[in-house]
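Trainee: This is the structure I have questions about; it appears just below.
None of the figures in this text is laboratory data; all of them are computed from the coordinates on show. All of these numbers come straight from a predicted model, not from anything done at the bench. In this analysis, Cβ positions are derived from the backbone assuming ideal geometry, glycine residues included, and neighbour counts consider all displayed protein chains.
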Amino acid sequence: MYKLVAIDLDGTMLNQYGEISKKTKEIIKKCIEKGIEIVPASGRPIDSIKTIAKDLGIQHYFIAGNGALVYDVQGDTILYKNCIKKEKVLEIIKICEENSIAYNVYTDKVILAPNLKFNVLYYYKENLKKEDNKKTNISIVQNLYDYVKNMKEENFLKVTICDESDSIFHAIIKKIKDINGIEVLDISHMSRKMIRQGTEEIPIEYFYTEISASDVDKWNAIHFLMTRLHIKPEEVITIGDNMNDKQMIENAGIGVAMKESAPEVIKVAKEITDTNDNDGVAKVLEKYFT
């Protein structure tokens, strides 16, 4: 009997437009009614996931910042955190600024960026479809280094680095990997997302990586919840598509990869489901819970 299902959002539960299909919503709500712990597990900050969790009827927990935080929905509080230190964030910003590469800083409350590009542009466009109280909090800051340096205590979840050029991107990543006390996610393929602008569909494509504190991983966050809820690994299903999902897919009782997942994720998965545009998540939940 499976008791907990951890599900990635972008590229997994959400389709290429950042939406959850009616079919997926319905099956998730049925699982919750049966007492199954459905846990969104995303790289997004808290407020961005809160909106989705509320829409799905998630009443207990979600994982933010790729495992940097476990959030208690009912208590409106952080239960677990492993955040990147401010001095490490500043080192990363300095390298990005010196090499003119796009980056943004995720705290538990806001995404900080020097401009509106790549993943931040996608979230911005996503916000245009949402009510004010459901939007992902984005702040464009001209001098982000000084802004972060002068911030009071914050939970820094991760830094995301993006570029359209493969060679430039990997050259910068090589420099950042020399910083101690951080984890650089090994992503070697392009992110491809679509935004709607009037009647047009515009693709957003870029190479990216995510940098967090050492030992930050979705599986570590899931393990915290397993201990709290007295759930065994063999009672857990995980569903994802990218390298930040690899550990949870590899270690769960049933680790499921989306059809168009990163090759390294496909290799460790016990099952492959359909794509995020063809209700891959719903098909897994139907198989095990209906």
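Trainee: Taking the Cβ-Cβ separation of ILE32 and GLU98 as r and a Förster radius of 45 Å, what is the calculated FRET efficiency to the nearest 0.05?
Mentor: Working from the Cβ atoms, E equals 0.40.
Trainee: Further question on the same structure: Please give the peptides 127-134, 100-107, 203-210 ranked by average Cβ packing (other Cβ atoms within 10 Å per residue), highest first, as a rough proxy for protection.
Mentor: Working: 127-134: 11.2, 100-107: 22.5, 203-210: 17.8.
With the highest mean Cβ count within 10 Å placed first, the list reads 100-107, 203-210, 127-134.
Trainee: Taking a virtual spin label 7 Å from the Cα of GLN16 along the C-beta vector, which residues in the stretch 254-272 bring their backbone nitrogen under 13 Å of it?
Mentor: In the stretch 254-272, the label zone of GLN16 (backbone N under 13 Å from the point 7 Å along Cα→Cβ) covers 260.
Trainee: Tell me, Kirkwood radius of the stretch 12-149 from alpha-carbon pair distances, in Å?
Mentor: Evaluated on the stretch 12-149, it is 16.3 Å.
Trainee: I need the shape label for the stretch 156-290. Rule: rounded when a/c is under 1.5, else prolate if a/b > b/c, else oblate, with a, b, c from the alpha carbon gyration tensor.
Mentor: Numbers: a/c = 2.21, a/b = 1.21, b/c = 1.83.
Oblate, since a/c reaches 1.5 and b/c is not below a/b.
Trainee: What distance in nm separates the two pseudo spin-label positions at THR227 and ASP166, each 7 Å out from Cα along the beta-carbon direction?
Mentor: Once both label points are built, they end up 4.1 nm from each other.
Trainee: Quick check on the stretch 86-213: take the gyration tensor over C-alpha atoms, sort the square-rooted eigenvalues as a ≥ b ≥ c, and tell me if it's rounded (a/c under 1.5), prolate or oblate. Please report the intermediate quantities before stating the final value.
Mentor: On the way: a/c = 2.06, a/b = 1.24, b/c = 1.66.
It comes out oblate by the Cα gyration axes.
Trainee: How big is the antiparallel share of DSSP beta bridges in the stretch 1-125, given as a percent to the nearest 5? Write out the running numbers ahead of the final one.
Mentor: Working: 10 of 16 bridges.
Of those bridges, close to 60 percent are antiparallel.
Trainee: Let me ask something else about it. Specify, per residue and in Å³, the volume enclosed by the convex hull of the alpha carbon atoms belonging to the stretch 73-133.
Mentor: On the way: hull volume 6.5 nm³, N = 61.
Residue-normalised Cα hull volume stands at 106 Å³.
Trainee: With an 8 Å Cα cut-off and a minimum separation of 6 or more residues, compute the relative contact order for the stretch 1-121 in percent. Show your work: numbers first, answer last.
Mentor: Values: 158 pairs, mean separation 21.6, N = 121.
Relative CO of the stretch 1-121 lands at 18 percent.
Trainee: Taking the 0 to 90 degree range and rounding to the nearest ten, how far is the long axis of helix 46-56 tilted relative to the main principal axis of the chain, both from C-alpha atoms?
Mentor: For 46-56 against the chain, the angle is about 20 degrees.
Trainee: How long are the three semi-axes of the equivalent ellipsoid of the chain, in whole Å, if each is the root of 5 times an eigenvalue of the C-alpha gyration tensor, listed from largest down? Walk me through the numbers before you get to the answer.
Mentor: Values: eigenvalues 168, 85, 72 Å².
Output for the chain: semi-axes of 29, 21, 19 Å.
Trainee: Another question, then. Go through 27-39, 44-56, 74-86 and give me the packing order, highest mean Cβ count within 10 Å leading. Don't jump to the answer; show the numbers that get you there.
Mentor: Details: 27-39: 17.2, 44-56: 20.2, 74-86: 14.9.
In descending order of packing, they fall as 44-56, 27-39, 74-86.
Trainee: Let me ask something else about it. Given the -39500 (n - 2.57) contribution per DSSP H run of 4+ residues, what per-residue ellipticity at 222 nm results for the chain, rounded to the nearest 500 deg cm²/dmol?
Mentor: Values: 10 runs with 97 residues, N = 290.
That calculation yields -9500 deg cm²/dmol at 222 nm.
Trainee: Now, a different point. When all alpha-carbon pairs of the stretch 186-251 are counted, what percent fall beyond 16 Å? Spell out each step's value before the answer.
Mentor: On the way: 1315 of 2145 pairs.
So the pairs more than 16 Å apart make up 61 percent of the total in the stretch 186-251.
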